[in-house]
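A quick write-up on the structure given underneath.
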Amino acid sequence: MSAESQRKTEHIPEWKREEIDDLVATIESYDSVGIVDMTGIPSQQLQDMRRNLYGTAELRVSRNTLLARALEEVDDGFGQLTDYISGHVGLIGTNDNPFGLYKQLEASKTSAPINAGEVAPNDIVIPEGDTGVDPGPFVGELQAIGANARIQEGSIQVMEDSKVLDAGGEVSADMANVLSELGIEPKEVGLDLRAVYAEGVLFEPEDLELDSEEYRSDIETAAARARNLALNASFPTAQTLPAQLGKASGEAKNLAIHASIENEDVMPDLLSKADGQVRALAAQIEDQEALPEELRDLEQPDTESSDEQTADDSEDADDEATDADEAADEDAGESEDDDGDAGAALGDMF
């Protein structure tokens, strides 16, 4: 504590000193500390909010001068929060991060009636439909504030959505009465976070207003693009290596088949290819009696199409690195199918 601050606190009453010490202890016991605006919150609702925060955050209400003094005494950057102390405010502390605190406070807000003389936070609209009010002078009150209302089918009805006050306009006594009668609560009541300080950083509400679903989508998109980049650049990582190995395995298999390399992994495919070639040759021989019985009356297989398909598989492995996982799965499926075809062909021949 500086000499100047010591001089300031030496002459204050003992109860204020104790209050400041309690506030300092509160500030130092939490990871995130903020200032909240409590303007317009009835005492009962404020108590309800305190109960709802119990276990996750602590709300302290004190004199603004004492709040400011406590923040300055803690220092470590918390003094920046003194710029946000004005009007009816409180100190809030939590071990949650600032984003979680902001989300919790926003979710705890509830709708409330608006009183005469208050400023409309948003456009006030009386919705179309039956008001449920019996015919009487209330229809004139609705019309007086700008609502398109009339008596119809034995009750007062609003014929269309009627905006009766723009955001920022002052609510008149007549309008407050009409809104109360209709049960319309156009304002939200809750703790408005003015600023929060955590881990050396000062956050304001606009910094914390985050669409979690959009943020999640952005992260997923970035991760997918990073993976595609790593695949195209042949950069091995724990996430891309299985796909890269699958792609390399498919390319090696295609090379072995085209080069007729005798290997136990491709032998079933080579036998299947040879069987197709034998059948193609047999189908071109006119004298069927010269052929073994199992090779007679065979239709010529489409060997060119099979070769083209193998070549296409190889090209796809080069051109579609971003789909390497799917390519690997397809190659595995083709291999299993080829195994089955080869076995069937050998059975026909022998």
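The values are calculated or read from the model by the stated rules, or taken from the named source; none is laboratory data. These figures come from a predicted structure and were not determined experimentally. Here the Cβ is made from the backbone with ideal geometry for all residues, glycine too, and neighbour counts use every protein chain on show.
Here are some residues: LEU231, LEU210, LEU271. Which one is outside any helix (DSSP H, G or I), touching a residue at least 12 places away in the same chain (Cβ under 8 Å) and either touching a helix residue (DSSP H, G or I) at 6+ places or on another chain (Cβ under 9 Å) or not polar (S, T, N, Q) (or both)?
Residue meeting the stated conditions: LEU210.
Among the residues of region 186-227, count how many are at pLDDT below 90 and among the polar types (S, T, N, Q).
1
What number of residues within region 34-64 satisfy the criterion of being touching a residue at least 60 places away in the same chain (Cβ under 8 Å) and either closer than 25 Å to GLU14 by Cβ or in a helix (DSSP H, G or I) (or both)?
The total comes to 3.
From (1) in the same structural domain as GLY100 (by TED's automatic domain parsing); (2) surrounded by 11 or more Cβ atoms within 10 Å (Cβ to Cβ); (3) at positive phi, pick out the condition that doesn't hold for SER234.
Among (1) in the same structural domain as GLY100 (by TED's automatic domain parsing); (2) surrounded by 11 or more Cβ atoms within 10 Å (Cβ to Cβ); (3) at positive phi, the lone unmet condition for SER234 is (1).
Which of the residues spanning region 9-24 are among the charged types (D, E, K, R) and either at pLDDT 80 or above or surrounded by 14 or more Cβ atoms within 10 Å (Cβ to Cβ) (or both)?
Answer for region 9-24, where residues must be among the charged types (D, E, K, R) and either at pLDDT 80 or above or surrounded by 14 or more Cβ atoms within 10 Å (Cβ to Cβ) (or both): GLU14, LYS16, ARG17, GLU18, GLU19, ASP21, ASP22.
Could you give every pair whose Cβ atoms fall below 8 Å, whose first residue belongs to region 274-294 and is over 27 Å from ILE261 (Cα atoms), and whose second residue is among the basic types (Lys, Arg) and assigned to a helix (DSSP H, G or I), counting only separations of at least 6 or pairs across chains?
Every condition considered, no pair remains.
Condition first: closer than 23 Å to LEU46 by Cβ and of a type outside the set (Asp, Glu). Can you find one or more residues in region 157-166 that meet it?
Narrowing region 157-166 to residues closer than 23 Å to LEU46 by Cβ: none.
No, region 157-166 contains no residue that is closer than 23 Å to LEU46 by Cβ and of a type outside the set (Asp, Glu).
Which residues, taken from region 155-187, are in contact with a Ser or Thr (Cβ under 8 Å, 6 or more places away or on another chain) and either part of a strand (DSSP E or B) or farther than 16 Å from GLU141 by Cβ (or both)?
Once the filter is applied, which keeps residues that are in contact with a Ser or Thr (Cβ under 8 Å, 6 or more places away or on another chain) and either part of a strand (DSSP E or B) or farther than 16 Å from GLU141 by Cβ (or both), region 155-187 yields SER155, ILE156, GLN157, VAL158, GLU185, PRO186, LYS187.
Which of the numbered conditions does ALA195 fail, given that it passes all the others? Conditions: (1) touching a residue at least 60 places away in the same chain (Cβ under 8 Å); (2) part of a helix (DSSP H, G or I).
Of everything listed in (1) touching a residue at least 60 places away in the same chain (Cβ under 8 Å); (2) part of a helix (DSSP H, G or I), ALA195 misses just condition (2).
Taking only region 65-77 into account, find how many residues are over 26 Å from LYS109 (Cβ atoms), surrounded by 12 or more Cβ atoms within 10 Å (Cβ to Cβ) and either under 35 Å from the mean Cα position of the chain (by Cα) or in contact (Cβ under 8 Å) with a residue 40 or more places away in the chain (or both).
7
Given GLU251, GLU153, GLU160, GLU206, which one is among the acidic types (Asp, Glu) and under 32 Å from the mean Cα position of the chain (by Cα)?
GLU206
Which of the numbered conditions does LYS253 fail, given that it passes all the others? Conditions: (1) modelled with pLDDT under 90; (2) charged (D, E, K, R); (3) assigned by TED's automatic domain parsing to the domain that holds GLY77.
Result: LYS253 fails condition (3) only.
Looking for whichever is among the β-branched types (Val, Ile, Thr) and at pLDDT below 90 here; the options are ILE41, ILE35, ILE85, ILE27. Which one fits?
From the options ILE41, ILE35, ILE85, ILE27, the qualifying one is ILE41.
So which of GLU209, GLU199, GLU204, GLU188 ends up being loosely packed, with under 11 Cβ neighbours inside 10 Å, of a type outside the set (Phe, Trp, Tyr) and either assigned by TED's automatic domain parsing to the domain that holds GLN80 or within 30 Å of LEU71 (Cα to Cα) (or both)?
From the options GLU209, GLU199, GLU204, GLU188, the qualifying one is GLU199.
Output the residues belonging to region 234-256 that are outside any loop (DSSP other than H, G, I, E, B) and of a type in the set (S, T, N, Q).
Across region 234-256, the qualifying residues are GLN244, SER249, ASN254.
With the requirement that a residue be under 30 Å from GLU199 (Cα atoms), surrounded by fewer than 16 Cβ atoms within 10 Å (Cβ to Cβ) and of a type in the set (A, V, I, L, M, F, W, C), what does region 97-140 give you?
Within region 97-140, just ALA107 meets the criteria.
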